[in-house]
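Worksheet: the structure to be examined is printed underneath.
Every number here is computed from the coordinates shown, using simple stated rules; none is lab data. The structure presented is a predicted model; accordingly, all values stated were derived computationally and were not measured. Methodologically, a virtual Cβ is constructed for each residue, glycine included, from the backbone with ideal geometry; neighbour enumeration extends over all protein chains shown.
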Amino acid sequence: MAGELIASIHVEVAFALPSKQRIVVLEVPNGTTAADAVRLADLPSLFPEVERGFFERAPLGIFGKALKAPANHFLADGERVEVYRPLEIDPMAARLARARKQQQH
């Protein structure tokens with residue numbers, strides 16, 4: 001019905017390590033922010049090897065697009081919040097290392 005308020009929405013929260021990936025499906029109240037969804041997903045219990053405070057300060061995105069203010073991004077039904085890890089190696093440094101290695105062969 002037009003103008004009807006939706007009480008809850010379904011969203012996903014995704015996080016990955018090189019050896020393990022998880023997508024947590026949540027039903028959350030309408031008005032939940034991206035930062036709220038990450039807290040509700042309880043990722044520290046799924047990834048005990050990751051420092052607990054990491055998830056509170058990690059950059060977040062929606063379907064590959066970084067969020068500038070996750071605490072202000074209200075989620076829509078069906079959105080996937082992605083928790084990003086820092087790069088292990090600078091992409092430029094990795095390319096230079098590969099180029100040097102190829103030159104040696």
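A few remarks follow.
- Relative to the dominant Cα principal axis of the chain, helix 91-104 is inclined by about 30°.
- Annotation: peptides 25-31, 79-85, 64-70, ranked by per-residue average of other Cβ atoms within 10 Å with the highest first, follow the order 79-85, 25-31, 64-70.
- Equivalent-ellipsoid semi-axes of segment 8-104, from the Cα gyration tensor, Å, largest first: 31, 15, 11
- Positive end of the dipole of the chain (Cβ unit charges, origin at the Cα centre): among Pro59, Ala97, Ala37, the Cα lying farthest that way belongs to Ala97.
- Here segment 71-89 is scanned for amide nitrogen atoms under 18 Å from the site 7 Å beyond the Cα of Arg57 along Cα-to-Cβ, giving 71, 83-88.
- Beta bridges per DSSP, both residues in the chain: antiparallel share near 85 percent.
- Placing +1 on each Lys and Arg Cβ and -1 on each Asp and Glu Cβ, with no other charges, gives the chain a dipole about its Cα centre of roughly 800 debye.
- Environment charge of Ile23, counting only residues whose C-beta is closer than 10 Å and scoring Lys/Arg +1, Asp/Glu -1: 0
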